[in-house]
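In what follows, a structure is listed as structure tokens, so that the remarks can point back to it.
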């Protein structure tokens, strides 16, 4: 299987390194518009052909699949052309800039019988896969809330705001873990550079049954925090991605709600039990993901981070954008 | 100076213990409706008179000041009667249940020339006082955002939601640190016990100049987090109240925004410098506060946590309640 | 039961506060040579009689038990006189300054049929009692090592070195957890104030079966660390007393040793499994201990931190002192 | 400049990757006895020649320098042959298995005018270089102690004990930071696998002026700790290599010692001031080191981790081995 990688900027080198380690897969091309990046590809991987033009890759009939690691606004046109030329696609997150574009790509991939996978890297980590396992067996009981913080003194983007940059990671995890469809979104935030793009933002997603998810993303934080809390009726979970080990901790903690008949008020009782941190698979997530992409292409399997998942993330981002512009007003998803 | 304390539940014992250590101050009375609590007062402080009835204290002409540590809904009637009888008042946070009640108390205290102070304990900590110092000298530059998290597997309250229970601490800090008036509030949250009171809530406060403050309060968190980030144009600050020492850290980190004339986009440059954690005064905040109350009464000084500050907090809570009910819609303060 | 407390310095106030909360126990006396401390007792506990002289307490026939919270060198004479006058004794750690003194007190208490208990506070914490439980059921397998660090910018003592000041806490835990008798001690350290007393010290205790225990105590550390590792053949344990919760963590980690017949070398295989943090009893250790002392006196029970345990700690300290003077040479216990 | 790398096991791949990124340097050869490792070299770096035999590299006259990343016992014979054939050498730590071997290599390199550098990676980290800077300007005052902990559930070695495996990192840092010569060593430890090699060990190094250094190394720890404390008369420093940022923290803490004339005792006064974490250079240490090696070869400069530093580390390890065998007895260095 022959692969072409488009874009060798921030994330491209990681994709190239991981695909290069796979057996029976060959990176035939790597495209980047900047000469110094192409030179870096050549120094590290002398056998890969480099080019300035993505078209050269898309036009090579030997190429089975393309990996798109370019700025968000180019995802749609590049993925569209690749699918039209019969190539499988692995595209960076977020999949597209609009829901309409996402729907079009999804339909096109289905029509052509091609794999369209989105690089939702975090769902391939040992931590998130273990969380999925824990949730699927009902370990946490009925889910109450998911609270996510992803902040850093970050990589400012020039074409998107902090929600579009950082929240896709967490919205992809949300989409992977929670089967219920989101109903409403409320988002707030602010822009401090005059660029027109928020650099600090908050987003609440409402679901049925009072389940609520909240996201804090921030490019202006002096410290790096990547933490997610999930509260359930039976147990609660903390996912701290900054911990070197024990990233996932399950707390046997909760409340017991009883209603006293004679009086009007609800009685709430605490429960504080043990904590447990399961062993996690430590393989590099991107390596697991690259293998998964190759396997999906070979055996025509549905990727875990397929186009539908990519579209769900874009749908939440689009709604959040509208709410943010309105100062927090509730928007239907 | 003779003091009467009303309420010996969760916080009352701390107030009694701290006032008891002061020189030249005498706790004459402690009232509580429950016999076992009155017995506990007697065991620990044999010289304090106990009573079932707050009225007995309010009616004692020897009592100069009363300390009100009862459920929120009783703050207004108790404080009102105390002021009417010419007694100075230190009342638990939040000061009242409504803005209207707060305005009435503030006016009454002014009319009578009495001290009305709110127990905003956190502004008397060494950490928050140091933060005030740092902000006042402009150390952080222009302020961009304040982000606060106060979560725990908490003390459920029966008459108020989690915003009214936990956010007063952080809103009091906000009010103490930030001179600008808040403009809008957006709040989201959910109730998982069927009590009608949210147990997880988020609140964004908009100010002029793109300064934004956000608060996360939660009674259902498996872990205790009490952290505040303040981002400025020159430096950034982290206040982590769970740290045993170095609770306040100032990061010489930020961004430099330049606009390239020739092209359309904003260029953003990072700055990563040293970190610095100032030495803090470690005295117990409540002890500092009790001393301050006695001093304000004696010398007729304006308390740092005066009725106006208490009212600002109630005003934000009232607006947040309206927004929460509307699913996040922006409410003018 | 009537109690007299001798010494109201650093630890005395905690003892008085805890005994004062007990039902059916009365603190009749508190002795301290300094007037300002006696005044503090009076302010906080008006019903307790104060005196400058320990003799006044020892001579009061109504006093059933005395609590000795004075400098180490006075433990022996005070405890001896108390026992001679028929009073039960709770004495601060370390029990005595020498093994000979400890043996004499132990014999005297036995002869008189009196309780002689040492204030090894840590063995009454929920954390250490849970560790005992875990070890007793063999959860860790065969024990390999215990490593303890207790460092701080500390309370310099004027009559003892850092080993005698801080190590008793950890040696008491060792004595409580490990039934095997120690065999040899090697200790190193240094004195940086010219006082003749080491302020940084290290101590290794050798047992049979290659079990080894090591202690690091330090008055000159900029940070406070209180951590103990216990490694076993099946599992390993970390006790971090600075954690606000989850102080005890059990790791399902270890090694599997096999010997390949054909070749000379030992093969070692790693095992990395889950981590588990048991729920702990959060009661204040000193409160549990005070209750235990009263119960032992009433029902003539053997205290968990009895004179034999106190003597074991003194024996290790005495051996460590000799090794320290010899620059680390191995000393038989 | 042409380089040959001998050994592609645990550390070799990092050396190859870093030398491969350098400009004007070419890795001509990589030797490893295992076929699967040679295949891995070829997959990642198709332009490097692979061989089973180190001799092939040593015999290639085009090779200017060799990098030796093989088990410790082979360092001496390989380095010796390389030097004899006129090649510059970068050898893994510890430099040799004995002081005698180390002295011979040092003399040989001097005689031949060749660079002999030891891979003391940690001294090329931003953290350790910043610590050196801080110490050199006297920021900490007179040094009192250095305390180092490096523990993990580790890579058991088959030919050396845990001291020889892990302590070289910390002894290299000690040698780099402290100019005074060590005087005595006392070491304790235990072997729990029956291999004859200690897996838990402690080592105290005595210097003049009461400066003391202590090292804890452990292959059986459930948690990974890499922390160093350095206490001085003016300030104290903590180097925590597990922190993602702020690895070095300087505490304005200490003691003031005064001697009261009238009485016999030393008075000690605490000082608790600010904490400060300097910005660190974040370049990968090994990359800095590889560049430094090439520069030393090119311009005939003395490496920072030269053979004399390597020999100092071996000298301490040899003394520690003797003390360990004697149960802690003090050994002259």
Of (1) touching a residue at least 60 places away in the same chain (Cβ under 8 Å); (2) assigned by TED's automatic domain parsing to the domain that holds residue B:20; (3) surrounded by fewer than 21 Cβ atoms within 10 Å (Cβ to Cβ), residue B:327 satisfies every one except (2)
So which residues in region A:293-320 are touching a residue at least 40 places away in the same chain (Cβ under 8 Å) and out of contact with any helix residue (DSSP H, G or I) (no Cβ under 7 Å at 6 or more places or on another chain), if there are any at all? A:293, A:294, A:296, A:297, A:298, A:300, A:306, A:319
Have a look at B:56, B:23 and point out the one that is in contact (Cβ under 8 Å) with a residue 12 or more places away in the chain, surrounded by fewer than 18 Cβ atoms within 10 Å (Cβ to Cβ) and in the same structural domain as residue B:101 (by TED's automatic domain parsing). B:56
Return the residues of region D:183-197 that are in contact (Cβ under 8 Å) with a residue 40 or more places away in the chain and surrounded by 22 or more Cβ atoms within 10 Å (Cβ to Cβ); say none if nothing qualifies. D:185, D:186, D:187, D:188, D:189
Of the residues in region C:1-10, how many are at pLDDT 95 or above and out of contact with any helix residue (DSSP H, G or I) (no Cβ under 7 Å at 6 or more places or on another chain)? 2
Taking the conditions exactly as written (farther than 23 Å from residue C:328 by Cα and without any contact (Cβ under 8 Å) to a residue 24 or more places away in the chain), does residue C:252 satisfy them or not? no
Of the residues in region D:171-187, how many are facing chain C (nearest Cβ under 9 Å) and either under 19 Å from residue D:305 (Cβ atoms) or touching a helix residue (DSSP H, G or I) at 6+ places or on another chain (Cβ under 7 Å) (or both)? 3
From the option list C:191, C:199, C:147, single residue qualifying as within 18 Å of the chain's Cα centre (by Cα) and either at pLDDT below 95 or under 20 Å from residue C:328 (Cα atoms) (or both) is C:147
Exactly one condition in (1) surrounded by 18 or more Cβ atoms within 10 Å (Cβ to Cβ); (2) farther than 27 Å from residue B:236 by Cβ; (3) more than 14 Å from every other protein chain (Cβ to nearest Cβ) is not met by residue B:122; state its number. (2)
Total residues in region B:138-159, condition crowded, with 20+ Cβ neighbours inside 10 Å and touching a helix residue (DSSP H, G or I) at 6+ places or on another chain (Cβ under 6 Å): 2
For region B:272-283, indicate whether the set of residues that are facing another protein chain (nearest Cβ under 9 Å), touching a helix residue (DSSP H, G or I) at 6+ places or on another chain (Cβ under 6 Å) and surrounded by 18 or more Cβ atoms within 10 Å (Cβ to Cβ) is non-empty. yes
Residue match in region C:129-137 (condition: facing another protein chain (nearest Cβ under 10 Å) and buried (at least 23 other Cβ atoms within 10 Å of the Cβ)): no
Unmet criterion (only one of (1) over 19 Å from residue C:232 (Cβ atoms); (2) under 18 Å from the mean Cα position of the chain (by Cα); (3) modelled with pLDDT under 95) for residue C:103: (3)
Have a look at A:31, A:39 and point out the one that is more than 23 Å from residue D:39 (Cα to Cα) and either in contact (Cβ under 8 Å) with a residue 24 or more places away in the chain or more than 12 Å from chain D (Cβ to nearest Cβ) (or both). A:31
Scope region A:143-162; condition part of a loop (DSSP other than H, G, I, E, B) and either closer than 25 Å to residue B:200 by Cβ or more than 10 Å from every other protein chain (Cβ to nearest Cβ) (or both); matching residues: A:160, A:161
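Matching residues to (1) farther than 26 Å from residue C:212 by Cβ; (2) surrounded by 24 or more Cβ atoms within 10 Å (Cβ to Cβ); (3) in the same structural domain as residue D:94 (by TED's automatic domain parsing); (4) without any contact (Cβ under 8 Å) to a residue 12 or more places away in the chain:
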| residue | (1), (2), (3), (4) |
| --- | --- |
| D:163 | no, yes, no, no |
| D:176 | yes, no, no, no |
| D:199 | no, yes, no, no |
| D:206 | no, no, no, no |
| D:228 | no, yes, no, no |
Positions within region B:224-254 being at pLDDT below 95 and within 7 Å of chain A (Cβ to nearest Cβ), in sequence order: B:253
Just one listed residue, out of B:107, B:127, B:167, is out of contact with any strand residue (DSSP E or B) (no Cβ under 8 Å at 6 or more places or on another chain) and either assigned to a helix (DSSP H, G or I) or more than 30 Å from residue B:298 (Cα to Cα) (or both), and it is B:107
Looking at this structure, is residue D:320 modelled with pLDDT of 95 or more and either more than 12 Å from chain C (Cβ to nearest Cβ) or on the phi > 0 side of the Ramachandran plot (or both)? no
Residue A:306 being at pLDDT 85 or above, surrounded by fewer than 13 Cβ atoms within 10 Å (Cβ to Cβ) and more than 9 Å from every other protein chain (Cβ to nearest Cβ): no
Under the condition of being more than 9 Å from chain A (Cβ to nearest Cβ) and modelled with pLDDT of 95 or more, which residue from region B:204-223 is nearest to residue A:248 (Cα to Cα)? B:217
Scope region A:265-314; condition assigned to a loop (DSSP other than H, G, I, E, B) and within 18 Å of residue A:92 (Cα to Cα); matching residues: A:284, A:302, A:303, A:304, A:305
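The values are calculated or read from the model by the stated rules, or taken from the named source; none is laboratory data. All values reported here derive from a predicted model rather than from experimental measurement. Using ideal geometry, Cβ is built from the backbone for each residue, glycine included, and neighbour counts are taken over all protein chains shown.
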